[in-house]
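Step one of this worksheet: look at the structure below.
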Amino acid sequence: MQANIHKEIISILKKYWGHESFRPLQKEIILSVIEQKDTLALLPTGGGKSICFQVPALVLGGTCLVISPLIALMNDQVQNLKKRGISAVAITSAMSQKEIDISLNNAALGHVQFIYVSPERLQNENFQKKLSFLPITLIAVDEAHCVSQWGYDFRPSYLNIAQIKNYFDKVSIIALTASATKFVVEDIQQKLEFKNQQIFRQSFSRKNLRYVVQEEDDKLKRLFKIIQNIGGSGIIYVRNRKMTEDLAKLLQQSKLTAAAYHAGLQFTTRQTIQQNWINNSIQIVCATNAFGMGIDKPDVRFVVHLDLPDSLEAYFQEAGRAGRDGQTAYSTILFNKQDQQKLMDNFNLSYPSLDLIKHYYNAICNYYQIAVNSGAGTVVDFQIEAICKSYNLQSIILFNCIKFLEKENYLSFIDTGYEPAKVMFVANKDDVYNFQLKFPKFEPIIKGLLRTYGGIFENYVHIQEKDLSYKIKQPVSAVLEQLDLLDKQKLLSFIPQTSIPKLVFVNNRVSSNFLHFDEKNYSLLKQNHLNRINSVIDYTNNKNICRNTQLLIYFNEFDYQDCNYCDVCISKKPKDFVSVKQAILKQLQKDPTTLPLLIDGLKKYNSKTVIQAFNELMDDGKLAQNENIYYLKTK
C-alpha cells in the first residue's frame, strides 16, 4: 500500500509539475496529509509549500479548500493550476453573488479540484453552509501564522477556520507558513484544533546566504558598491512608493536596468516588471514589501534593505528570496540610527488611541451611509482619499484604525489586487443565435466570444478586452460598449475588470456608546508589535553573535554553528584572512597539489587560518578536487 502511494505521488509530481523528485521534507509532509493527520509545515521561503497540499489533494480526490489571505496570490495559484490542467477557482470579493453561486455549484458537482477563499469569507454563515455541501477532502491553511496573536501578521478572521471543521470533522487540515516562533507554532495548533498532529520543520539555516548588516551614513554610496561587487539579479526593499521610483531613476541614470514596483501600479505594469525581471531583462527591482510573494526566481544574487523591516519574520521571508538556486547570495541591511528611530515613530502611529479609533469608525460608517444596527456583510470600494477629504482625516491613521477594527471583527480590509473582466452567457444558445440574426451589428463580438472562450455558457470566463478587440477588428472602447449593452439586454453577464481595494462591514454598525474594544487585547497586540521591533533593532546592533545564529535563535532553533561568512563572523577572522585566500588561489593556479603540501607551501601563515580559508574557498565553489589533488575550478 505504502509503495503504491509513493509511486502515485511521484507520478502526479511528474505529470503536473515535471519534477522527478521532491524537495526536502515535501514527501514526508505529503504522506502525513494522505494519512489524514493534521499537519503543520514550516518551510522557509522558496521551500515549495504549495506542492505539500496540492499533491495530496489530487491523491485524495474531491475538492481541496484552500484558505489564503492574499487575493493576488490566490489568483496566481489558480492560474498556475489551470495551466497544468487542474480545475481551480478563487472566491473573492470582486465576484458577484451569481458568479460565486455558479462556482460553488460546480464544486458541489465535483468539477472543481481546488477552491481558494479568503478567511474573511468564512465569517459568512450562509457561505459556511454552502461549503458544507461540497466534497471537501482536505483543508489547507496558507500563511498559517496569521491565526496567532503572537504572529507578526495576526488576522482575527483566521479564527473562523476552526468553525469550518465542524462541517468536515473527518477531514484533515494542513497549515503552512514560512516563519514562526515557538509560541506561534503552539498557537496555530491550538487555534486550528489539531488532532493527531504532525509538525515538520525545515531548518531556517540558509548556508549559501550571506547576512550582512552595515551602519552607513551614505547608504546609496554603499548600495552602488554592493551592486558592482556582487552583480547579477537583485531586489532593493524600501518603505514607501515614492522611494521605489526615486531609487529606480537613480539606478537608471547610472546605466543600470532597474524598475520600481509597488501596489499603486496597474496590474499589467506590475506583471510586465515581474516578467522582465524573471527573464533578466531588468537587473534590479526597487520595491515595497508588496513584491516577492508567489514569485519564484532562483538566481537572485542579492537582497538589500535600505529601510528596516517591521519584524525579523518579514525580514527572513524577504531575505530568503535570494539564492534559491543554492549558489552564494547576499542579504544586506543598510541602516543608521535615524532608521531605528523611524521604526519606533511608525510603531507609535500604528496604535491610535481607542477614542480616535471610535471617531474614525463613525466617519467610515457615515461616509458609506451605514445606519446603526445594519450593514453586516456589506462590501464597498475603499476610497481612502475621498473619506479623508470628506471628514478631514489623516490617511495613515485611517489605515491603522482599520487594521485594529479588523482585529476586533468590525471591519475587514481586502486588497483585491487585479481582477480581469469576466463574461458568461445567461441566455440559452438558441436565444443567442436569434439575437445576432435580429441585431447583426453584434454578430462579430458574439462570435468572437463563442470561438475564443470555451465553457462560456456554464461559467464566467476571464477575457482580455485587447485580444477580443484585435480578433473582431474593433476598438477596445467599442468592445466594452457592446459588452455593456449585451449585459443590459440580459443576453450575457459582464463584470468589468477592477483593482480597487474593498472594505467589508463584518458586523452591523454599532453606536459609539456600545462600540466595545478589548483593552487587554489592544495592549497585548501593541506589546507584541513592540517586541518584534525591538528584535529588529537588537539584530542590527548586535555585533558579537553570528547573524545566522541570531536568526536561528529567534526562531527557536538551537542546533547551530557560526556561519563564518556574515559581517560579524568576518570581523572575528584574522586580519590577513583575505591575503591567505589570495595566496591559496595563486598557489593552486600555478600548481595543483594536496592539502598538506599546500599548507607547507604557505608556512608564513598560521596553518589553522590556511585550513579555514581553504574550506571557505571549497564552500564557495572556487576549488575542485580529483582524489586528493586540489585545483582551481574553471567556470
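The values are calculated or read from the model by the stated rules, or taken from the named source; none is laboratory data. Computed from a predicted structure; not experimentally measured. Cβ sites come from the backbone with ideal geometry, for glycine too, and all protein chains shown count toward neighbours. When the accessible area is computed, the model is the full protein with side chains, heavy atoms only, and any ligands, DNA or RNA have been set aside. Shrake-Rupley method; radii C 1.70, N 1.55, O 1.52, S 1.80 Å.
Each of N280, Y630, S118 was scored by the projection of its Cα onto the charge dipole of the chain, and the greatest displacement toward the positive side belongs to Y630; charges sit on the C-beta of Lys, Arg, Asp and Glu. Across segment 318-325, rounded Karplus estimates of 3J(HN,Hα) from the backbone phi angles (6.51 cos²θ - 1.76 cosθ + 1.60, θ = phi - 60°) give 5, 4, x, 7, 9, x, 6, 7 Hz, Gly and Pro being marked x.
Among 517-526, 167-176, the peptide with the highest mean count of other Cβ atoms within 10 Å heads the list, and the full ranking is 167-176, 517-526.
Ordered by 1.4 Å accessible area with all protein chains kept, W277, W17, W150 run largest first as W150, W17, W277. Taking 25 Å as the straight-line reach from the Cα of K129, the lysines in range (excluding those fewer than 8 positions away in the same chain) are K37, K98, K165, K170, K191, K195, K407, K502.
Note on I570 and E519: with the Förster distance fixed at 60 Å, the Cβ-Cβ geometry gives a FRET efficiency of about 0.80. Using alpha carbons only, how many degrees (0 to 90, rounded to 10) separate the axis of helix 519-541 from the longest principal axis of the chain? On a 0 to 90 degree scale, this one is about 30.
Relative contact order for the chain: what is it in percent, counting Cα pairs under 8 Å that are at least 6 residues apart?
Working: 986 pairs, mean separation 80.7, N = 635.
Relative contact order for the chain comes out at 13 percent.
Sorted by accessible area with a 1.4 angstrom probe, largest first, how do K358, K255, K225 fall? Walk me through the numbers before you get to the answer.
Working: K358 60, K255 180, K225 95 Å².
Listed by decreasing accessible area, they come as K255, K225, K358.
Placing unit charges on each Cβ (+1 for Lys and Arg, -1 for Asp and Glu) gives the chain a dipole about its Cα centre, and among Y410, I333, N459 the Cα reaching farthest toward its positive end belongs to I333. Distance from the alpha carbon centroid of segment 225-243 to that of segment 342-413 works out to 34 angstrom.
The figure for T634 is an accessible area of roughly 120 square angstrom, using a 1.4 Å probe on the protein chains alone. Compare the Cα positions of C52, Q149, L343 along the charge dipole of the chain (+1 at Cβ of Lys, Arg; -1 at Cβ of Asp, Glu; about the Cα centre) and return the one farthest towards the positive end. Checked the options; the winner is C52.
Roughly how compact is the chain, stated as its Cα Rg over 2.2 N^0.38 Å to two decimals? Each step should come with its number before you reach the end.
On the way: Rg = 27.6 Å, N = 635, 2.2 N^0.38 = 25.6 Å.
The reported ratio for this selection is 1.08.
In segment 157-276, the portion of solvent-accessible area held by carbon and sulfur atoms comes to 46 percent [1.4 Å probe, whole percent, DNA, RNA and ligands not counted]. Each residue of segment 58-65 was assigned a 3J(HN,Hα) from its phi angle through the Karplus curve 6.51 cos²θ - 1.76 cosθ + 1.60 (θ = phi - 60°); the sequence is 5, 5, 6, x, x, 10, 9, 8 Hz, with glycine and proline shown as x. Using the rule -39500 (n - 2.57) for each DSSP H run of four or more residues, divided by the residues of the chain, the 222 nm mean residue ellipticity is -13500 deg cm²/dmol. Here the chain is treated with +1 on each Lys and Arg Cβ and -1 on each Asp and Glu Cβ, and its dipole about the Cα centre works out to around 1400 debye.
Derived scalar couplings between HN and Hα for segment 590-596 equal 6, 7, x, 7, 7, 5, x Hz in order, rounded to whole Hz, by the Karplus curve 6.51 cos²θ - 1.76 cosθ + 1.60 (θ = phi - 60°), x for Gly and Pro.
About the Cα centre of segment 136-278, what is the dipole size in debye to 20, counting +1 per Lys and Arg Cβ and -1 per Asp and Glu Cβ, all else neutral? Write out the running numbers ahead of the final one.
Numbers: 20 positive and 13 negative charges, 81 e Å.
I would put it at about 400 debye.
Relative to the Cα centre, the charge distribution of segment 222-277, modelled as +1 at Lys and Arg Cβ and -1 at Asp and Glu Cβ, gives a dipole magnitude of about 140 debye. On a 0 to 90 degree scale, rounded to 10, what angle separates helix 71-83 from the longest Cα axis of the chain? Roughly 90 degrees, rounded to the nearest 10. Only protein heavy atoms count here; on that basis, with a 1.4 Å probe, E186 has an accessible area of about 90 Å².
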